[in-house]
């Protein structure tokens with residue numbers, strides 16, 4: 001697909017179209033040439049920050065009464081590999097990816113990670129070409145339907161479901177709950193439960209039943225925003 005058609009679908013025309021070309025160039029292309037060639041990794045890094053800030057600001061303005069933890073969960077629903085892949089497919093970015101021959105032969109044009117990375121790189125390219133306000137407008141125009149469909153009620157009332165959804169935006173297994181201790185008489189039992197994901201403990205909680213303790217552990221994990229994002233992003237970057 002031509003760069004002109006992509007720009008039409010973005011509703012943005014690049015002053016420096018070479019930035020868009022770079023955003024669509026997979027690292028495998030330069031690796032096979034055995035030479036340094038511009039690829040989309042740096043623009044992906046930049047575009048991730050642009051995307052995060054645009055969505056964070058939008059949610060902050062839309063939901064002035066929501067606490068930090070719930071805003072984080074809403075953002076996770078909008079900024080994840082599946083969402084980015086969907087956007088890339090709507091723009092048909094796969095048809096314009098510049099790939100090495102090996103990546104081409106291994107279905108690289110439809111690979112989720114390639115499409116998601118290219119979408120982030122396109123956001124980074126728009127930012128480099130036009131600055132923050134235009135880049136923000138492009139991000140929000142593409143994601144407005146998903147933003148409008150957000151269901152805040154489920155976010156606030158189902159911490160175990162919210163935690164699982166947050167962690168599984170990159171795919172993989174659900175979180176694991178472990179009963180660490182059980183104390184007290186039969187009529188007043190107290191359970192302590194920890195929640196783990198891919199080798200990391202995310203939080204602990206207590207309750208008068210295992211289910212109650214699991215919910216408490218999920219809430220504790222959700223409250224630790226920086227740790228949660230670190231764990232999820234490390235998984236996101238794993239090939």
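Take every Cα pair under 8 Å whose residues are at least 6 apart in sequence, average their separation, divide by the length of region 3-151, and the relative contact order is 37 percent.
Residues 24, 202, ranked from the fewest to the most other C-beta atoms within 10 Å, line up as 202, 24. Think of it as helices only: each DSSP H run of n ≥ 4 in the chain is worth -39500 (n - 2.57), and spread over all residues that comes to -19000 deg cm²/dmol at 222 nm. Each of 201, 133, 120 was scored by other Cβ atoms within 10 Å of its Cβ. Listed from fewest to most, they are 133, 201, 120. Helix 112-130: angle to the longest alpha-carbon principal axis of the chain, degrees 0 to 90, nearest 10? It is inclined by approximately 60 degrees.
Grouping the Cα pair distances of region 3-151 into 10 Å bins from zero gives a pair-distance distribution of 12, 42, 31, 12, 3, 0 percent in increasing distance order.
Label sites at residue 201 and residue 186, each approximated as a point 7 angstrom past Cα along Cα to Cβ, lie 3.1 nm apart. Give me the angle, in degrees from 0 to 90, between the Cα long axis of helix 132-148 and the longest principal axis of the Cα atoms of the chain, rounded to the nearest 10. That works out to roughly 50 degrees. Computed from Cα positions, the angle between helix 81-91 and the longest principal axis of the chain comes to roughly 30 degrees.
Only the coordinates and a few stated rules stand behind these numbers; no lab work does. Note that the structure is a prediction, hence the values are computed from the model and not measured. Quick reminder, even Gly has a Cβ in these numbers, built from the backbone with ideal geometry, and neighbours come from all protein chains shown.
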